[in-house]
1. So which of Arg107, Arg93 is open to solvent by 60 Å² or more (accessible area, probe 1.4 Å) and in contact with a Leu (Cβ under 8 Å, 6 or more places away or on another chain)?
2. Report yes if Ala19 is surrounded by fewer than 24 Cβ atoms within 10 Å (Cβ to Cβ) and either closer than 28 Å to Val238 by Cβ or among the aromatic types (Phe, Trp, Tyr) (or both), otherwise no.
3. Just to verify a result, which residue in the stretch 164-184, among those that are part of a helix (DSSP H, G or I) and of a type in the set (A, V, I, L, M, F, W, C), is most open to solvent (accessible area, probe 1.4 Å)?
4. Is it the case that some residue within the stretch 132-150 is buried (at least 22 other Cβ atoms within 10 Å of the Cβ), of a type in the set (A, V, I, L, M, F, W, C) and touching a His at 6+ places or on another chain (Cβ under 6 Å)?
5. Say whether the condition of being closer than 23 Å to Val238 by Cβ and either among the charged types (D, E, K, R) or over 17 Å from the mean Cα position of the chain (by Cα) (or both) is met by at least one residue in the stretch 45-65.
6. Go through the stretch 93-146 residue by residue and tally those that are within 20 Å of Val238 (Cα to Cα) and in contact with an Asp or Glu (Cβ under 6 Å, 6 or more places away or on another chain).
7. Would you check which residues across the stretch 185-226 are aromatic (Phe, Trp, Tyr) and in a loop (DSSP other than H, G, I, E, B) and list them?
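The values are calculated or read from the model by the stated rules, or taken from the named source; none is laboratory data. For clarity, every value in this text was computed on a predicted model and none was experimentally measured. Cβ atoms come from the backbone with ideal geometry, glycine included; neighbour counts cover every protein chain shown. Heavy atoms of the whole protein, side chains included, go into the accessibility calculation; ligands, DNA and RNA do not. Shrake-Rupley method; radii C 1.70, N 1.55, O 1.52, S 1.80 Å.
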Amino acid sequence: MPSLRTALLQSSGRPGAVAENLKALDEAAARAADAGARLLVAPELFLTGYAIGDAVPELAETADGPGAEAIAEIAVRHGLAVLYGYPERDGERIFNASQLIGADGVRLANYRKTHLFGCFEQEWFTPGEQTVVQAELDGIRIGLLICYDVEFPENVRAHALAGTDLLLVPTAQMHPFQFVAESVVPVRAFESQMYVAYVNRTGPEGEFEFVGLSCLAGPDGVVRTRAGRGEELVIGEVDPEFLAASRAANPYLADRRPGLYGSLA
């Protein structure tokens, strides 16, 4: 099975300006496709911006809303799948969500952030209730989490047990928590034997300072590609043959003793 070339868009776009963010995503998709990527991953709440405060209800949309339609057109035009973050409206509730749209424009998976971080998110969003959301892309099982979710090892292990090969984590990681991108994410990839694409916002936005440092970490704990602190598009390979060999050599999942862990839940 061939590798899945994956592009990570590190950008905060323009907070509050959906049309501008769609334009930036379109331009990034063109660059990613030219580089042979089959998947483009954008950060948490990329469609609208993160620090948009009172504009959250105004900019929130349904999973099949106009933003999804526009991104489906981008995916088809450039022939690659796109994962993006957005505020999802479902009746009176709003979720911090991410959605994966295939290269054919079909919506493949939609995930609602289960662990909300800080007062801002807890004020505006409802936590999701489904830990494992997956889709198939080019023979690779894709899983979705968002930012703070990946800092809970239980979430990533649940994906490992469900067979996730590549975990996509759109992120709004801020100062002073850059150690998550630098250290925690590669460890998560190693201890649960999967690839993890951690894709961050960058620069100042409202009261936040996003740290960048987006990365694609492999099941050996080695980072395949790493962005710096500014706007950047980086590309890495998700190699299913290497993943299979790594899983065969690493005994973590086989040596688990679930009967001892019941008290943890």
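1. Numbers: Arg93 fails: in contact with a Leu (Cβ under 8 Å, 6 or more places away or on another chain).
Exactly one residue qualifies, and that residue is Arg107.
2. Numbers: surrounded by fewer than 24 Cβ atoms within 10 Å (Cβ to Cβ): yes; either closer than 28 Å to Val238 by Cβ or among the aromatic types (Phe, Trp, Tyr) (or both): no.
Here the answer is no, as Ala19 does not meet what is asked.
3. Just the residues of the stretch 164-184 that are part of a helix (DSSP H, G or I), to begin with: 179-184.
Checking which are of a type in the set (A, V, I, L, M, F, W, C) leaves us with 179-181, 184.
Working: Phe179: 105, Val180: 2, Ala181: 0, Val184: 32 Å².
By that ranking, first place goes to Phe179.
4. no
5. Of the stretch 45-65, the ones closer than 23 Å to Val238 by Cβ are 46.
Those still in the list that are either among the charged types (D, E, K, R) or over 17 Å from the mean Cα position of the chain (by Cα) (or both) too: none.
No; the residues of the stretch 45-65 include none that is closer than 23 Å to Val238 by Cβ and either among the charged types (D, E, K, R) or over 17 Å from the mean Cα position of the chain (by Cα) (or both).
6. Qualifying residue count, the stretch 93-146: 3.
7. Within the stretch 185-226, the first condition is being aromatic (Phe, Trp, Tyr), and the residues that meet it are 190, 195, 198, 208, 210.
Of everything in the stretch 185-226, nothing turns out to be aromatic (Phe, Trp, Tyr) and in a loop (DSSP other than H, G, I, E, B).
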